[in-house]
Amino acid sequence: MSATTVTRRRHRRRLLPRPWFLAVASLVLLAGCASDAPQDMLQPEGSFARTLDNLFNPIFWVAVLVFVVVEGLIVYAIVKWRYRGDADDGVADAGEMPAQLHGNTRLEIGWTILPALVLAGVAVFTVPVVFELNAEPAKGEALEVDVTGAQFWWGYEYPSQPDFGITDGIVTANELHIPAGQRVYLTLRSVDVIHSFWAPKLNGKRDVVPGRVHNWLLEADEPGVYSGQCAEFCGVSHANMRLKVVAHDATSWDAWVEDMQEEPVEPVSGLAAEGFELFQQRGCSGCHVVEGAYDEVAEDAPAAPDLTHLFSRDCFAGCIYDLNDRNELEAWLRDPQRKAGSKMVVGQLTEADIDALYAYLETLE
Ligand code: HEC
Ligand SMILES: [Cu+2]
């Protein structure tokens with residue numbers, strides 16, 4: 001076998017993708033193929049998300065066109081001027097210096113101006129959307145909610161806004177409740193590190209940087225539950241910092257608002273009353289507010305979800321556990337570190353404590 005055939009073989013083999021590479025690549029591709037994914041930003045379900053999608057689609061096709069042209073030229077060049085052994089074909093032979101070229105003014109001007117024009121075209125459509133998505137709605141036109149990002153959950157405060165039936169402020173966590181078909185104007189802050197608020201079907205991401213105040217708009221066309229998550233790495237339980245947006249029709253919105261403005265009744269007898277006492281004795285009230293009963297938290301306490309209406313929600317602890325499953329909440333009280341890095345630190349509770357605390361928490365509707 002001559003030296004030439006050996007090199008040619010090696011060249012051929014490199015042009016074919018390895019089977020393991022094909023397997024991994026198709027796995028990655030197929031993983032993106034869910035038809036009914038709850039966090040699919042390509043299936044917008046609100047006006048702001050749709051505005052983004054309407055921008056994304058044409059720009060995506062422009063990018064595809066650029067990709068095909070550029071990659072096409074590269075592949076063309078690779079194939080046309082590939083090494084074909086020491087043949088007399090104008091291509092440099094092994095060990096030979098290829099012909100040296102120095103600049104091509106027309107080409108260089110072309111490939112500078114063309115991308116600039118493409119980007120300018122894209123900007124014409126993008127810039128107005130940037131302004132649209134950052135516009136502050138007029139007072140009373142949108143439901144206002146103050147959002148707090150904390151390791152590893154989201155808190156929501158609704159200031160009084162009679163236009164939306166809220167006359168006495170509402171505080172809740174993890175689940176953001178909104179009226180469907182209405183604009184919602186969020187004011188976001190972080191108490192610790194950078195988080196990013198993201199409900200993909202309702203709008204894009206908004207980073208929340210500590211020490212700064214950010215705003216973001218949301219709107220859901222229809223009543224429903226929209227899932228989302230923190231989209232900026234914020235610590236060990238970043239992946240466990242999920243959220244839910246619950247959009248209501250007019251009737252269920254009014255009912256929710258009314259429920260949330262009622263103070264829970266303090267239990268006076270039975271297991272729940274025991275739990276009520278334990279809530280203070282075991283230090284829970286040092287971190288958690290229950291309106292009307294435990295209003296002051298310790299000065300050095302980490303931010304913790306308001307529990308006044310805990311059982312009005314379906315999920316807890318960054319929406320990773322199901323609140324309708326008693327075992328989940330009991331497991332949480334037994335060991336809040338089951339969520340890695342959780343800022344909830346409690347001493348060991350007995351099973352009797354847990355039963356009593358559960359009985360009390362259940363009254364917080
Ligand atoms: C040191 C502060 C601290 C103490 C003490 C504490 N918690 Fe927590 N608690 C937290 C934090 C922080 C979270 C949110 C954790 C997360 O989601 O990452 C939390 C979450 C919860 C939740 C879930 C609420 C939701 O909507 O996500 C419940 C219920 C709860 N705690 C009950 C208790 C009870 C009962 C006690 C007393 C035995 C207690 N906590 C003591 C800080 C505390
Ligand atoms: Cu986060």
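Show me the strands (runs of 3 or more DSSP E) entirely contained within the range 93-180 in which 3 or more residues are within 16 Å of ligand 2 (Cβ to nearest atom) and not aromatic (Phe, Trp, Tyr). Write out each step before concluding.
Details: elements: 143-150, 153-158, 170-173, 175-179.
Where strands (runs of 3 or more DSSP E) fall fully within the range 93-180 and carry at least 3 residues being within 16 Å of ligand 2 (Cβ to nearest atom) and not aromatic (Phe, Trp, Tyr), they are 143-150.
Each row is one residue, and each column tells you yes or no for (1) more than 22 Å from Phe152 (Cβ to Cβ); (2) touching a residue at least 60 places away in the same chain (Cβ under 8 Å); (3) within 10 Å of ligand 1 (Cβ to nearest atom).
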residue	(1), (2), (3)
Gly275	yes, yes, yes
Gln281	yes, no, yes
Ala293	yes, no, no
Ala301	no, no, yes
Asp325	no, no, no
Gly341	no, yes, yes
Glu351	yes, no, no
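Scanning the range 314-323 for residues that are near ligand 1 (Cβ under 6 Å from one of its atoms) and assigned to a loop (DSSP other than H, G, I, E, B) returns Ala317, Gly318. Filtered by the rule that a residue be touching a helix residue (DSSP H, G or I) at 6+ places or on another chain (Cβ under 8 Å) and either β-branched (Val, Ile, Thr) or open to solvent by less than 10 Å² (accessible area, probe 1.4 Å) (or both), the range 181-204 gives Pro200, Leu202, Asn203.
Report, by residue number, each residue of the range 182-191 that is of a type outside the set (Lys, Arg) and without any contact (Cβ under 8 Å) to a residue 60 or more places away in the chain.
If we filter the range 182-191 for residues that are of a type outside the set (Lys, Arg), which is where we start, we get 182, 184-188, 190-191.
Residues satisfying the conditions are Gln182, Val184, Tyr185, Leu186, Thr187, Leu188, Ser190.
Among the residues of the range 135-152, write down those that are closer than 26 Å to Pro336 by Cβ, in contact with a strand residue (DSSP E or B) (Cβ under 6 Å, 6 or more places away or on another chain) and either open to solvent by 30 Å² or more (accessible area, probe 1.4 Å) or more than 16 Å from ligand 1 (Cβ to nearest atom) (or both). Before the answer, list the steps.
Quick first cut of the range 135-152, residues closer than 26 Å to Pro336 by Cβ only: 146-152.
Add one more test, that the residue is in contact with a strand residue (DSSP E or B) (Cβ under 6 Å, 6 or more places away or on another chain), and what stays is 146-149.
Residues satisfying the conditions are Asp146, Thr148.
Among Ser285, Ser312, Ser342, which is the only one that is in contact with a Ser or Thr (Cβ under 7 Å, 6 or more places away or on another chain), polar (S, T, N, Q) and surrounded by 15 or more Cβ atoms within 10 Å (Cβ to Cβ)? The match here is Ser342.
Answer yes or no as to whether Ala359 is touching a residue at least 24 places away in the same chain (Cβ under 8 Å) and more than 10 Å from ligand 1 (Cβ to nearest atom). So Ala359 passes the test. Of the residues Ala303, Ala352, Ala331, Ala356, the single one that is in a loop (DSSP other than H, G, I, E, B) and not acidic (Asp, Glu) is Ala303.
Out of (1) within 30 Å of Ala220 (Cα to Cα); (2) open to solvent by less than 70 Å² (accessible area, probe 1.4 Å), what's the single condition that is false for Glu132? If we test Glu132 against (1) within 30 Å of Ala220 (Cα to Cα); (2) open to solvent by less than 70 Å² (accessible area, probe 1.4 Å), just (2) comes out false.
Does Asp207 qualify as being open to solvent by 20 Å² or more (accessible area, probe 1.4 Å), closer than 30 Å to Gly341 by Cβ and away from ligand 1 (no atom under 16 Å from the Cβ)? In short, yes. Each residue in the range 25-43 was checked for being at pLDDT 85 or above and loosely packed, with under 11 Cβ neighbours inside 10 Å, and 5 of them qualify. A count restricted to the range 232-252 and to residues that are within 16 Å of ligand 2 (Cβ to nearest atom) and open to solvent by 30 Å² or more (accessible area, probe 1.4 Å) stands at 8.
The values are calculated or read from the model by the stated rules, or taken from the named source; none is laboratory data. Since the model is a prediction, treat every value here as computed from it, not as a measurement. Virtual Cβ from ideal backbone geometry, glycine too; neighbours counted across all protein chains shown. When the accessible area is computed, the model is the full protein with side chains, heavy atoms only, and any ligands, DNA or RNA have been set aside. Shrake-Rupley method; radii C 1.70, N 1.55, O 1.52, S 1.80 Å.
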